[in-house]
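Enquirer: Below are the structure tokens for one structure; questions will follow.
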Amino acid sequence: MKTLFLIAIVSLFHSNEIINYSLVNTEIKAEAKFEIKKNDGFQGKSLEPLYSIAYINEAGKRFRFFEIIKTDNKLKDYFPAEFVLIEMVNGSQKNYFPLGWETTKITEVDIKKDCQGIINGTIKPIDIGS
């Protein structure tokens with residue numbers, strides 16, 4: 001009898017569209033972890049890194065490497081900013097991202113948010129030529 005009553009209530013709610021049977025993605029992705037180090041000896045020279053950032057994968061290993069560097073005259077043709085975010089890929093190869101700052105006052109929250117966007121694929125690198 002209780003089962004029949006429960007079925008009747010579910011049917012009633014369902015017929016009135018109170019219950020929504022849509023599929024919900026229950027996978028909860030943990031926020032990526034980043035190790036951020038400020039270059040305390042920063043002198044303000046062109047292409048000098050102000051921050052070094054390592055993305056720590058789920059296994060606890062440094063997986064991807066980023067830097068926020070001081071722009072030079074060539075980079076200013078592409079980025080109207082004093083500092084830009086780059087990814088170090090293979091030794092001297094770099095990916096440049098359309099993320100920039102005018103001053104050295106960059107928060108770790110902003111750095112993490114921008115790097116998270118790169119990891120998620122929502123922020124794509126741009127081609128600046130050779």
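Enquirer: Here are some conditions: (1) touching a residue at least 24 places away in the same chain (Cβ under 8 Å); (2) assigned to a strand (DSSP E or B). ILE69 meets all but one. Which one does it not meet?
Expert: All conditions are met except number (1).
Every residue, every condition in (1) exposed (fewer than 12 other Cβ atoms within 10 Å of the Cβ); (2) acidic (Asp, Glu), yes or no:
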site	(1), (2)
GLN43	yes, no
SER46	no, no
TYR55	no, no
GLU67	no, yes
ASN73	yes, no
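Enquirer: Then there is this: Taking the residues in the range 72-92 that are of a type in the set (S, T, N, Q) and part of a loop (DSSP other than H, G, I, E, B) as candidates, determine which candidate is nearest to ASN39 (Cα to Cα).
Expert: Once the filter is applied, the top-ranked residue is SER92.
Enquirer: Of all residues in the range 93-130, how many are assigned to a loop (DSSP other than H, G, I, E, B) and surrounded by 12 or more Cβ atoms within 10 Å (Cβ to Cβ)? Don't jump to the end; show me each part of the working.
Expert: First, pick out the residues of the range 93-130 that are assigned to a loop (DSSP other than H, G, I, E, B): 93, 102-107, 121-125, 127-130.
Narrowing further to those that are surrounded by 12 or more Cβ atoms within 10 Å (Cβ to Cβ): 104, 106, 123, 125, 128.
Final tally of qualifying residues: 5.
Where a number appears in this text, it was derived from the coordinates with a stated rule and is not lab data. Since this is a predicted model, take the numbers as computed values, not measurements. Using ideal geometry, Cβ is built from the backbone for each residue, glycine included, and neighbour counts are taken over all protein chains shown.
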